[in-house]
Amino acid sequence: MFIISFDPGVSGGICVLDEKGIVEIYKMPVIAVKAKIGKKQKTTTTYDLVKIYDLLRKYSSEDVLMVIERVSTRPGEGTVSSFNFGMGYGSIIALSVVIAGKNPTLISPQTWKKHFKEFKGELYDELKQDIKLKKEKIKEIKSQMESISSSSSKAKNIKDKESKKRYKDDIKNEEKEINKLNAKVKRVAKTQARLLCKKMFPDITKEFDKIGDDGKADAVLIGIYARDNVNELVSTDI
């Protein structure tokens with residue numbers, strides 16, 4: 001059996017594995033396209049689906065398990081960017097069906113990362129703890145807001161209205177900090193992915209040298225997770 005794994009996104013990667021190890025590994029093929037947004041013409045990057053198909057179509061006659069990291073909407077992303085990403089992600093799923101003849105398996109990043117203890121480190125744990133504390137702080141602030149709103153007479157007071165506004169501002173600030181911490185967690189995780197792949201595959205360390213190679217590293221680790229748990233995985237109904 002071949003396992004073809006995708007870290008989706010234009011900076012992602014594709015990996016083909018068998019029971020012995022990596023067969024092929026690619027940075028996600030992309031192309032630049034011009035799009036008219038309002039009155040402006042902009043150049044955006046999207047998947048090169050023809051190139052991806054050309055790379056993988058030789059496996060269409062093989063026993064193949066397609067695995068793709070499950071993604072969701074990303075906070076702070078614009079409508080156009082979200083639409084383009086969703087279109088591309090759906091195209092990858094469709095392409096997987098064409099090659100394998102069945103729906104791919106979608107694996108959440110939390111699931112495959114738990115498979116590798118190397119993702120747990122002092123900095124990673126500290127960041128996660130900071131995020132947890134800030135989420136608890138938000139719950140506390142919301143509880144204070146509810147206590148003000150519970151009394152209709154108090155809610156009408158100017159002082160209480162000012163307090164509610166201050167609480168809302170505090171929540172926004174905490175949420176901004178959480179977003180920053182999540183970005184740091186992501187950077188740490190991507191660095192860990194490249195270092196782990198270098199350790200596991202010393203003959204091809206150059207494939208994971210650059211920051212931009214983290215998509216390939218993630219694709220490799222997603223594939224290894226799938227290979228190690230192949231008997232438990234089933235095709236997902238999309």
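The values are calculated or read from the model by the stated rules, or taken from the named source; none is laboratory data. Just so it is clear, the model here is predicted, and its values are computed rather than measured. FYI the Cβ positions are ideal-geometry reconstructions off the backbone, even for glycines, and counts take in every protein chain you see.
The table for this structure:
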| quantity | calculated |
| --- | --- |
| Neighbours by Cβ (under 9 Å, 6+ apart or cross-chain): first from segment 202-214, touching a residue at least 12 places away in the same chain (Cβ under 8 Å); second of a type in the set (S, T, N, Q) and surrounded by fewer than 20 Cβ atoms within 10 Å (Cβ to Cβ) | ILE211/THR191; GLY212/SER11; ASP214/SER11; ASP214/THR191 |
| Helices (runs of 4 or more DSSP H) contained entirely in segment 143-238, each with at least 3 residues that are modelled with pLDDT of 90 or more and touching a Phe, Trp or Tyr at 6+ places or on another chain (Cβ under 9 Å) | 158-200, 214-228 |
| Index of the failed condition, LYS137 passing every other in (1) modelled with pLDDT under 90; (2) surrounded by 13 or more Cβ atoms within 10 Å (Cβ to Cβ); (3) of a type in the set (D, E, K, R) | (1) |
| Contacts under 9 angstrom Cβ, first residue in segment 89-100 being surrounded by fewer than 18 Cβ atoms within 10 Å (Cβ to Cβ), partner assigned to a helix (DSSP H, G or I) and hydroxyl-bearing (Ser, Thr, Tyr), 6 or more apart | VAL98/TYR53 |
| Residues of segment 14-62 satisfying the condition of being farther than 21 Å from PRO104 by Cβ and small (Gly, Ala, Ser) | GLY21, ALA32, ALA35, GLY38 |
| Residue match in segment 37-48 (condition: of a type outside the set (Lys, Arg) and at pLDDT 90 or above) | yes |
| Within segment 6-34, tally of residues that are in contact (Cβ under 8 Å) with a residue 24 or more places away in the chain, more than 20 Å from the chain's Cα centre (by Cα) and part of a strand (DSSP E or B) | 3 |
| Given (1) of a type in the set (Lys, Arg); (2) at pLDDT below 85; (3) more than 22 Å from GLY223 (Cα to Cα), number of the condition LYS117 does not satisfy | (3) |
